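Q: Input: one structure, supplied below.
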Amino acid sequence: MGEPTLSGLMMDEYPLSLTAVVERAELLTPERKVVYRRPDCNVHRTTMGDCVRRARRLAAALAELGIKEGDRMGTLMWNQPEHLEAYYGVPAMGAVVHTLNPRLHPDELAFIAADAEDRAIIVDETLVGVLDSFRGAHDFEHVIVVSHSGKVPDGVIDYESLIDRGQPMEWPAPDERRACAICYTSGTTGRPKGVLYSHRALVLHSFMACMPDQMNMSMCDTVLPVVPMFHANAWGIPYTATMVGASLVLPGPHLDAESVLDLLAAEKVTLTAGVPTVWMAMLKAIEAEPDRWDLGNLHRLLVGGSAVPRSMIEGYQKHGLFIIQGWGMTETSPLASTSSVPPELADAPDEEKFDYRARQGTPAPFVDIRARGDDGELIPWDDKAMGELEVRGPWVAGAYFGGTGAEKFTGDGWFQTGDVVKINQHGCIRITDRSKDLVKSGGEWISSVDMENLLMGHPAVAEAAVIAVPDEKWDERPMAVVVLKDGAEATLDDLREHLSSHFAKWQLPERVEFIDEIPRTATGKFKKIALREQFVKAPV
Ligand code: ADP
């Protein structure tokens with residue numbers, strides 16, 4: 001293949017970089033507000049322009065500490081302005097922002113920080129304990145602490161003093177293919193895998209995310225991401241909001257229903273996003289006190305990360321609140337599909353619209369989908385056949401950091417999602433199952449396989465299988481099915497205690513069933529479908 005016969009004559013070399021996104025905000029929308037509810041619940045008000053100015057100083061100071069282009073820079077923070085400053089400054093200086101999830105077990109955090117080779121970390125003072133739990137296992141050259149109390153532990157750098165001493169950095173010339181951020185996903189088996197985003201991918205993702213059938217975000221919006229900034233780029237909201245010049249409300253660590261509702265009402269938020277667990281609790285609070293919060297400005301709630309129950313979509317609608325379901329993965333930056341109702345259904349009865357919106361939706365422009373059945377053949381789009389969803393597109397991972405998990409990528413340029421779907425004739429997907437062996441609880445993953453392996457390491461346990469059981473609040477919870485060794489005894493508490501060596505407390509199962517034998521498939525794998533049928537009541 002030579003040159004195209006007639007090349008376009010546009011400035012195709014203009015880089016699609018986050019640097020341009022940040023510079024635009026600084027130049028054109030510096031007065032947009034950034035509101036932050038601090039851990040002590042006091043509200044702090046700043047602006048997007050101020051965050052960019054501070055990001056320039058942060059970048060200069062990091063460069064002085066020796067952080068170079070391509071280096072990974074960890075963060076352990078809530079949704080807070082300093083996190084936004086790292087989102088801006090680290091990629092714009094050419095380095096890679098690595099958002100660590102404080103809810104993970106210390107062993108997992110240590111692995112992730114080491115795998116990414118994080119050179120330094122910025123940590124909120126409320127999360128210093130989390131950092132201390134794994135700091136011994138990974139040597140950060142610099143620890144920078146964001147302190148609200150004014151007290152900074154010995155041996156670390158104070159964020160404010162660091163910013164004060166930096167001269168504003170002139171950003172280096174951007175390259176759209178350069179890495180800008182990294183997030184880890186929990187693996188079904190084995191260790192978490194790094195998804196290394198490029199500037200180009202996140203810029204294109206932002207263009208898509210603000211479109212009307214996706215988040216429908218404009219400069220007139222005030223956006224509150226409940227989804228944490230340590231989860232898949234907070235679904236792209238920080239960069240999308242910055243690109244369009246929307247205001248941001250950052251809720252900090254308090255994500256209980258009342259705190260979020262107070263903030264949504266007080267700041268006249270128009271658009272918000274998070275996992276179903278959060279919205280389930282909020283719906284209960286709204287139903288208990290329908291007149292307490294004025295949510296008249298809120299025009300859209302993007303809900304995803306796990307299936308959104310139809311009853312939730314309906315429940316919110318009764319209060320005039322519109323949920324749109326999104327589907328995506330860390331590997332897809334993450335937004336890949338949304339369930340906006342098409343014009344063909346405009347006059348359909350509400351029931352039909354609710355059914356449609358309970359699906360995971362149609363892929364965004366530039367996201368291609370297909371699904372493959374058990375026989376290895378692509379399934380027809382008839383809404384009957386089931387297969388594992390595969391995706392490709394400019395903001396979909398093409399490989400994992402360090403080359404692990406290569407089996408997830410097909411030889412012909414598609415990524416295998418591990419989600420089992422039906423696809424209707426209009427390309428609208430419905431997730432019916434997961435081929436990946438994981439439990440997703442409150443938006444966070446628990447590896448069934450890791451839990452089984454650890455349980456089988458307990459002296460009293462012969463065999464153990466872990467399945468996901470539906471839970472109204474958390475969507476799913478892990479349940480262990482255990483076969484004890486002859487004559488051996490163990491209680492739920494014994495097993496929880498044993499598991500706590502590698503699992504965080506919230507990941508431990510509340511329920512263990514002891515049985516004589518775990519059913520197996522012809523190939524000798526645990527027959528989890530049979531276990532689910534035996535122990536899980538069908539969800540209503
Ligand atoms: P995120 O941080 O966006 O939740 P993850 O990579 O942790 O991303 O999880 C992605 C997985 O979450 C998907 O492969 C799918 O199993 C599940 N998921 C995401 N959105 C939905 C949804 N709307 N409905 C059902 N499952 C979903």
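Listed here are the residues, each with its yes/no results for (1) touching a strand residue (DSSP E or B) at 6+ places or on another chain (Cβ under 9 Å); (2) open to solvent by 20 Å² or more (accessible area, probe 1.4 Å); (3) free of Cβ contacts under 8 Å to residues at least 60 places away in the same chain; (4) not assigned by TED's automatic domain parsing to the domain that holds Met229.
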| site | (1), (2), (3), (4) |
| --- | --- |
| Tyr36 | yes, no, no, no |
| Cys41 | no, yes, no, no |
| Thr47 | yes, yes, yes, no |
| Ala63 | no, yes, no, no |
| Asp71 | yes, yes, yes, no |
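Q: Pull up the range 455-476, narrow it to residues that are at pLDDT 90 or above and more than 25 Å from the chain's Cα centre (by Cα), then point me to the one that is most open to solvent (accessible area, probe 1.4 Å).
A: Pro459
Q: Inside the range 384-396, can you point out the residues that are closer than 22 Å to Asn233 by Cβ and away from the ligand (no atom under 16 Å from the Cβ)?
A: Selection gives Pro394 alone.
Q: Which of the residues belonging to the range 477-510 are assigned to a strand (DSSP E or B) and crowded, with 18+ Cβ neighbours inside 10 Å?
A: Arg477, Pro478, Met479, Ala480, Val481, Val482, listed by residue number.
Q: Tell me, which helices (runs of 4 or more DSSP H) wholly within the range 4-95 include 2 or more residues that are farther than 23 Å from Tyr197 by Cβ and not aromatic (Phe, Trp, Tyr)?
A: Per the criteria, 18-28, 48-64.
Q: Okay, moving on. Does the range 312-324 contain at least one residue that is within 20 Å of Thr432 (Cβ to Cβ) and at pLDDT below 95?
A: Quick first cut of the range 312-324, residues within 20 Å of Thr432 (Cβ to Cβ) only: 312-313.
From what is left, the residues that are at pLDDT below 95 are 312.
Yes, because at least one residue in the range 312-324 is within 20 Å of Thr432 (Cβ to Cβ) and at pLDDT below 95.
Q: Look at the range 155-172 and say how many of its residues are outside any helix (DSSP H, G or I), surrounded by fewer than 18 Cβ atoms within 10 Å (Cβ to Cβ) and either in contact with a helix residue (DSSP H, G or I) (Cβ under 7 Å, 6 or more places away or on another chain) or not assigned by TED's automatic domain parsing to the domain that holds Trp78 (or both).
A: Residues that pass the stated criteria total 2.
Q: Can you pull out every residue in the range 233-278 that is assigned to a helix (DSSP H, G or I), of a type in the set (A, V, I, L, M), open to solvent by less than 10 Å² (accessible area, probe 1.4 Å) and within 16 Å of the ligand (Cβ to nearest atom)?
A: Within the range 233-278, Ala234, Ile237 qualify.
Q: Considering (1) open to solvent by 60 Å² or more (accessible area, probe 1.4 Å); (2) touching a Lys or Arg at 6+ places or on another chain (Cβ under 7 Å), say which one Thr5 fails and leave the rest.
A: (2)
Q: In addition: Within the range 78-89, can one find any residue that is under 25 Å from Gln167 (Cα atoms) and open to solvent by 10 Å² or more (accessible area, probe 1.4 Å)? Walk me through it before giving the result.
A: In the first step, residues of the range 78-89 are kept if they are under 25 Å from Gln167 (Cα atoms); the result is 80-89.
From what's left, open to solvent by 10 Å² or more (accessible area, probe 1.4 Å): 82.
Among the residues of the range 78-89, at least one is under 25 Å from Gln167 (Cα atoms) and open to solvent by 10 Å² or more (accessible area, probe 1.4 Å), which makes the answer yes.
Q: Taking the condition of being at pLDDT below 95 and of a type outside the set (Gly, Ala, Ser), how many residues in the range 375-387 meet it?
A: Total satisfying the criteria: 3.
Q: Here is a follow-up. Could you tell me which of the residues Ala281, Ala285 is over 14 Å from Val227 (Cβ atoms), assigned to a helix (DSSP H, G or I) and modelled with pLDDT under 95?
A: Sole residue among the options that is over 14 Å from Val227 (Cβ atoms), assigned to a helix (DSSP H, G or I) and modelled with pLDDT under 95: Ala281.
Q: Another question about this same structure. Given the structure, is Arg191 open to solvent by 30 Å² or more (accessible area, probe 1.4 Å) and either within 22 Å of Gly274 (Cβ to Cβ) or touching a helix residue (DSSP H, G or I) at 6+ places or on another chain (Cβ under 6 Å) (or both)? Steps first, please.
A: Numbers: open to solvent by 30 Å² or more (accessible area, probe 1.4 Å): yes; either within 22 Å of Gly274 (Cβ to Cβ) or touching a helix residue (DSSP H, G or I) at 6+ places or on another chain (Cβ under 6 Å) (or both): yes.
Considered against the rule, which asks whether it is open to solvent by 30 Å² or more (accessible area, probe 1.4 Å) and either within 22 Å of Gly274 (Cβ to Cβ) or touching a helix residue (DSSP H, G or I) at 6+ places or on another chain (Cβ under 6 Å) (or both), Arg191 comes out as yes.
Q: Continuing with the same structure: Does Leu202 satisfy being modelled with pLDDT of 95 or more, in a strand (DSSP E or B) and away from the ligand (no atom under 13 Å from the Cβ)?
A: No; evaluated as a whole, the condition is false for this residue.
Q: Taking Val152 and the conditions (1) β-branched (Val, Ile, Thr); (2) outside any helix (DSSP H, G or I); (3) open to solvent by less than 30 Å² (accessible area, probe 1.4 Å), which numbered condition does it fall short on, given that it satisfies the others?
A: (3)
Q: Determine whether the range 399-406 contains at least one residue that is modelled with pLDDT under 95 and surrounded by 12 or more Cβ atoms within 10 Å (Cβ to Cβ).
A: Within the range 399-406, one or more residues are modelled with pLDDT under 95 and surrounded by 12 or more Cβ atoms within 10 Å (Cβ to Cβ).
Q: List the strands (runs of 3 or more DSSP E) that sit entirely inside the range 292-365 and contain at least 2 residues that are open to solvent by less than 30 Å² (accessible area, probe 1.4 Å), farther than 20 Å from Gly442 by Cβ and within 13 Å of the ligand (Cβ to nearest atom).
A: Per the criteria, 335-338.
Q: Open to solvent by 30 Å² or more (accessible area, probe 1.4 Å), modelled with pLDDT of 95 or more and closer than 17 Å to His105 by Cα, is that true of Asp175? Steps first, answer last, please.
A: Details: open to solvent by 30 Å² or more (accessible area, probe 1.4 Å): yes; modelled with pLDDT of 95 or more: yes; closer than 17 Å to His105 by Cα: no.
In short, no.
Q: Any chance you could count how many residues in the range 94-116 are within 20 Å of Val227 (Cβ to Cβ) and modelled with pLDDT of 95 or more?
A: Of the residues in that region, 8 qualify.
Q: Within the range 194-223, take every residue that is among the charged types (D, E, K, R) and open to solvent by 30 Å² or more (accessible area, probe 1.4 Å) and give me the one that is farthest from Pro334 (Cα to Cα).
A: Asp213
The values are calculated or read from the model by the stated rules, or taken from the named source; none is laboratory data. Note that the structure is a prediction, hence the values are computed from the model and not measured. Reconstructed Cβ throughout: ideal geometry from the backbone, glycine too, with neighbour counts over all protein chains shown. Just so you know, the surface numbers come from the protein's heavy atoms only, side chains and all, with ligands and any DNA or RNA stripped out. Shrake-Rupley method; radii C 1.70, N 1.55, O 1.52, S 1.80 Å.
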